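As structure tokens, the structure follows; a few thoughts come after it.
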Amino acid sequence: MSGNGGDGGSGKRLPLFPLSDLVHFPHTDLKLEIFEQRYRRLVRDVIDGADAESRRIGLVLLKPGGRGHGDRSQRSQRGDLPEVFPGGTAGRIVRCEFLPDGRTEVLLHGEFRFELDHEIPGEPYRQALVRPIEEPRWNEGDAGIVLVKRALLALARSLVAELGDAFPLAAPELDGLAAGSGFEELVNRMAAELDLPAVRKLALLCESLPDRALSLLSILHSRQQVVDELRPFRHLAGKSQLN
């Protein structure tokens, strides 16, 4: 697989939204319900202070031990906040609703991956200087990309046929991805939807796109092997009450 160099990016200042069990990927949408006052203020500040194309929040994953935005079980360099992993995704706010019951509903669209440089102290909510990760522009007609894309879709469709609703992507969604999505969107959508631990998803996010695609192939292949091995025993499931 080959790609041409993409645009570079200088350091950017972003407000940070720590998540305990979710990882956001570029080219995917993420819905959040926000209850905590300082993060509701974060959202309002981002909306009030920037044009529609610059309303970005840095989504980062809390390290194990953190239970939420205000958890103090692990300490960051600021001394009073739970630690976060150094990689994340900048999500642009595309829809937001401040509800009368105190909740804020936000829809974010992932735009780019970043590495955390350092957090900025003294803010009402977490902010940091981040380094956007340069992404190549992939040639969708490249033979390697076409081959991997077909293999991902074939394995996913096979698992849907075997598992039905137990597989996180339905057949119509896969058809839509096959027909209208580029390579990066397909890979990131699968990575976002698969039922994997958050730390494993973060590892996928931190990989290059080709490595991420190959990792997903390995995951799907392993699941297909398990399904194949259990197929001879599936008829026993309906008789479990007799066992």
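The values are calculated or read from the model by the stated rules, or taken from the named source; none is laboratory data. On a predicted model such as this, the values are computed, not experimentally measured, just so you know. FYI the Cβ positions are ideal-geometry reconstructions off the backbone, even for glycines, and counts take in every protein chain you see. Accessible surface is based on the protein model in full, side chains and every heavy atom, while ligands, DNA and RNA are left aside. Shrake-Rupley method; radii C 1.70, N 1.55, O 1.52, S 1.80 Å.
Side notes on the structure shown:
- Filtered by the rule that a residue be open to solvent by 70 Å² or more (accessible area, probe 1.4 Å) and at positive phi, the stretch 88-123 gives a lone residue, Gly122.
- Asp195 falls short on exactly one of the conditions (1) over 17 Å from the mean Cα position of the chain (by Cα); (2) acidic (Asp, Glu); (3) not in a helix (DSSP H, G or I), and that condition is (1).
- Residue check for Leu186: within 15 Å of Thr28 (Cβ to Cβ) and either part of a helix (DSSP H, G or I) or over 18 Å from the mean Cα position of the chain (by Cα) (or both): yes
- Within the stretch 81-128, the set of residues being part of a strand (DSSP E or B), aliphatic (A, V, I, L, M) and farther than 19 Å from Glu185 by Cα comprises Val84, Val106, Leu116, Ile120, Ala128.
- Checking Ala178 against (1) loosely packed, with under 15 Cβ neighbours inside 10 Å; (2) modelled with pLDDT under 95, the condition it does not meet: (1)
- Here Asp211 passes the criteria (1) under 17 Å from the mean Cα position of the chain (by Cα); (2) buried (at least 16 other Cβ atoms within 10 Å of the Cβ) except the one numbered (2).
- If you filter the stretch 44-71 down to residues that are aliphatic (A, V, I, L, M) and modelled with pLDDT under 90, you find that the one that is most open to solvent (accessible area, probe 1.4 Å) is Ala52.
- Qualifying residue in the stretch 135-143 (condition: in contact (Cβ under 8 Å) with a residue 24 or more places away in the chain and farther than 29 Å from Gly88 by Cβ): no
- Residue check for Arg137: at pLDDT below 95, farther than 20 Å from Pro172 by Cα and in contact with a strand residue (DSSP E or B) (Cβ under 6 Å, 6 or more places away or on another chain): yes
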